[in-house]
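*Asks:* Have a look at this one.
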């Protein structure tokens, strides 16, 4: 059995699955649109939660949030099911495929056989679409890959039931109701307002203030924990910012693309200007990644390099604070 | 980022013939997408992490050899796990899993408990028991 699903590559897995599943149902929605309406841009810093032995820094909300929020704002109903039992998870998936429903799955990355070894970490919030089954192999559309691929029953079961933080528990999801009229304007405005509220939140670990807290902590990492650990933390931060999925610059370029696409829909020329500004900020995040990588490559011992990275990040935080204030006003 | 600036460095992705999608602006300032084979700062960051993991594995191996810790710690590091991930895979409380890192406690473990670890590490009970850090 095989559904007539079309694979499009995307930067980020969750936007990509959402965009591909909705395109299959006849809604022409791009990855940046899903990302913008779902308020995908975010920053948070949880120093006590360790991921790969470094403090958790994220440039996006919790897994599932982007698609859920985007769907809600567009009036689309998405069904999500979790399973306690491997067998029933597979039966439910096959049932869907028989009914010609391509289905989104949350999976763990560590056992994904088609990923390069270096990228296989215990990260459980990856997303892909299963669009058919042939000769005991499931047909897989992983949106971060250029082309489609396959997994055996055992391989798919393993990634659907990966363990650890955010364990997927076999979760599958698919749209069950699509409205006849979609209020794009309203959905975009809600998405932007929500993003501004979160990025300007008066909480020291979220949004612009979260970026400032990280900036101030960089020299402290070096002083208190030594250069080796500080460099490890920085490397982890750059990976969260740039590794497969962010489209570059910690999602800033995807967001700029969203603003550009939203401008004619809202008939708001200010969004073109703001898109340009966001592109510039994205370029500064790229510069930050370049400079951070120089620090851990050369293993420079001056405290100065950490201070200059810290200053660079504070500058980005200032620009973003100004940006989101202007964006809020423009809507 | 301009489209012609989308990095095409050699790295962990190009080695595996994988390209990732980036967002960039074209010559008219319009957003478009472009494929990237890799970017040096990312490659360095990833190498840093891999090096860190390899050091952790090596330290664990030496500690097992010197009888300081049980093989569980070595295989945990080898599979890039931490206590939280491991305890979730074997279905035991963290404090209990942490107790099993002591060689004396590990020696007394029943085959039933060992089999949970062996399954999580995808090895046999014998391989787990007989690992001496060599």
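The values are calculated or read from the model by the stated rules, or taken from the named source; none is laboratory data. Just so it is clear, the model here is predicted, and its values are computed rather than measured. Every residue, glycine as well, gets a Cβ built from its backbone with ideal geometry; the counts of neighbours run over all protein chains shown.
*Asks:* Could you tell me how many of the residues in the stretch A:96-124 are touching a helix residue (DSSP H, G or I) at 6+ places or on another chain (Cβ under 8 Å), more than 9 Å from every other protein chain (Cβ to nearest Cβ) and part of a loop (DSSP other than H, G, I, E, B)?
*Replies:* Residues flagged as touching a helix residue (DSSP H, G or I) at 6+ places or on another chain (Cβ under 8 Å), more than 9 Å from every other protein chain (Cβ to nearest Cβ) and part of a loop (DSSP other than H, G, I, E, B) within the stretch A:96-124 amount to 6.
*Asks:* Working only within the stretch B:96-134, note down all residues that are more than 15 Å from residue B:66 (Cα to Cα) and assigned to a loop (DSSP other than H, G, I, E, B).
*Replies:* Result: B:100, B:108, B:109, B:110, B:122, B:123, B:124.
*Asks:* Would you check if there is a residue in the stretch A:297-313 being within 9 Å of chain B (Cβ to nearest Cβ), buried (at least 23 other Cβ atoms within 10 Å of the Cβ) and either at pLDDT 95 or above or touching a helix residue (DSSP H, G or I) at 6+ places or on another chain (Cβ under 9 Å) (or both)?
*Replies:* No; the residues of the stretch A:297-313 include none that is within 9 Å of chain B (Cβ to nearest Cβ), buried (at least 23 other Cβ atoms within 10 Å of the Cβ) and either at pLDDT 95 or above or touching a helix residue (DSSP H, G or I) at 6+ places or on another chain (Cβ under 9 Å) (or both).
*Asks:* Let me ask something else about it. Can you name the residue in the stretch B:11-55 that is in contact with a strand residue (DSSP E or B) (Cβ under 6 Å, 6 or more places away or on another chain) and closer than 23 Å to residue A:231 by Cβ and is also farthest from the other protein chains (Cβ to nearest Cβ) among such residues?
*Replies:* Ranking the candidates gives B:11 first.
*Asks:* Next up: Please find, among B:52, B:26, the residue that is in contact with a helix residue (DSSP H, G or I) (Cβ under 6 Å, 6 or more places away or on another chain), over 30 Å from residue A:149 (Cα atoms) and surrounded by fewer than 13 Cβ atoms within 10 Å (Cβ to Cβ).
*Replies:* Of the residues listed, the single one that is in contact with a helix residue (DSSP H, G or I) (Cβ under 6 Å, 6 or more places away or on another chain), over 30 Å from residue A:149 (Cα atoms) and surrounded by fewer than 13 Cβ atoms within 10 Å (Cβ to Cβ) is B:26.
*Asks:* Of the numbered conditions (1) more than 19 Å from residue A:12 (Cα to Cα); (2) within 7 Å of chain A (Cβ to nearest Cβ), residue B:4 fails exactly one; give the number of that condition.
*Replies:* The one condition residue B:4 does not meet is (2).
*Asks:* What about residue B:81, is it within 19 Å of residue A:119 (Cα to Cα) and either part of a loop (DSSP other than H, G, I, E, B) or more than 14 Å from every other protein chain (Cβ to nearest Cβ) (or both)?
*Replies:* yes
*Asks:* Please give the helices (runs of 4 or more DSSP H) falling wholly within the stretch A:167-274 in which 1 or more residues are within 12 Å of chain B (Cβ to nearest Cβ), in contact with a strand residue (DSSP E or B) (Cβ under 6 Å, 6 or more places away or on another chain) and closer than 30 Å to residue B:91 by Cβ.
*Replies:* Qualifying helices (runs of 4 or more DSSP H): A:227-242.
*Asks:* Does residue B:65 meet the test of being modelled with pLDDT of 95 or more, closer than 22 Å to residue B:52 by Cα and surrounded by fewer than 17 Cβ atoms within 10 Å (Cβ to Cβ)?
*Replies:* Yes; evaluated as a whole, the condition is true for this residue.
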